[in-house]
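Enquirer: The structure follows.
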Amino acid sequence: MVGDQAAYLQPEMKVKLSVHEGLAVAIELPPRATLEVTETEPSVKGQTAAGSYKPAILSNGVRTMVPAFVSTGTKIVVMTADGSYVERSKD
């Protein structure tokens, strides 16, 4: 039922569950999730161009593209709909 968004489910996460006659028919995740970058290429000095992105693997196993300044261990906010990078986490 959750499909590709299942990777973004986290313990204690608040979701919206639609029920019909006692059966769950749909689930809606929050639009954003905070995850840690577990693997990415090291930043290259001078590679600070606004449109410069590199591949990264997140703590939930999902692969996404992140800006060049993001390094392994950085917590980032991603969209749960498509896994796209939003911003560096403020946590």
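The values are calculated or read from the model by the stated rules, or taken from the named source; none is laboratory data. Just so we're clear, the structure is a prediction, and the values are computed from it rather than from any experiment. Cβ coordinates were reconstructed from backbone atoms using ideal geometry, including for glycine residues, and neighbour counts include every protein chain displayed. What goes into the accessible areas is simple: the full protein's heavy atoms, side chains included, and nothing from ligands, DNA or RNA. Shrake-Rupley method; radii C 1.70, N 1.55, O 1.52, S 1.80 Å.
Enquirer: Checking the conditions here, which among 41, 12 is open to solvent by 90 Å² or more (accessible area, probe 1.4 Å), over 16 Å from residue 91 (Cβ atoms) and either modelled with pLDDT under 95 or touching a Phe, Trp or Tyr at 6+ places or on another chain (Cβ under 9 Å) (or both)? It would help to see each step written out before you state the result.
Expert: Details: 12 fails: over 16 Å from residue 91 (Cβ atoms).
The conditions single out 41.
Enquirer: Please go through the range 15-30 and pick out each residue that is part of a loop (DSSP other than H, G, I, E, B) and either without any contact (Cβ under 8 Å) to a residue 12 or more places away in the chain or touching a Phe, Trp or Tyr at 6+ places or on another chain (Cβ under 8 Å) (or both). Write out each step before concluding.
Expert: Filtering the range 15-30 down to residues part of a loop (DSSP other than H, G, I, E, B) leaves 15, 21-22, 29-30.
Hits for the range 15-30 are 21, 22, 29.
Enquirer: Now for a separate question. Select from the range 53-78 the residues that are of a type in the set (S, T, N, Q) and not in a strand (DSSP E or B) and write down the one among them that is nearest to residue 8 (Cα to Cα).
Expert: Residues of the range 53-78 that are of a type in the set (S, T, N, Q), as a first pass: 59-60, 64, 71-72, 74.
Subsequent filtering for residues that are not in a strand (DSSP E or B) retains 59-60, 71-72, 74.
Details: 59: 10, 60: 7, 71: 20, 72: 19, 74: 17 Å.
This residue is 60.
Enquirer: Here is a list: 78, 70, 19, 25. Which entry is open to solvent by 60 Å² or more (accessible area, probe 1.4 Å), in contact with a Ser or Thr (Cβ under 7 Å, 6 or more places away or on another chain) and aliphatic (A, V, I, L, M)?
Expert: Values: 78 fails: open to solvent by 60 Å² or more (accessible area, probe 1.4 Å); 70 fails: open to solvent by 60 Å² or more (accessible area, probe 1.4 Å); 19 fails: in contact with a Ser or Thr (Cβ under 7 Å, 6 or more places away or on another chain).
Result of the check over 78, 70, 19, 25: 25.
Enquirer: For the list (1) among the small types (Gly, Ala, Ser); (2) part of a strand (DSSP E or B); (3) modelled with pLDDT under 90, I need the number of the one condition that residue 33 fails.
Expert: (3)
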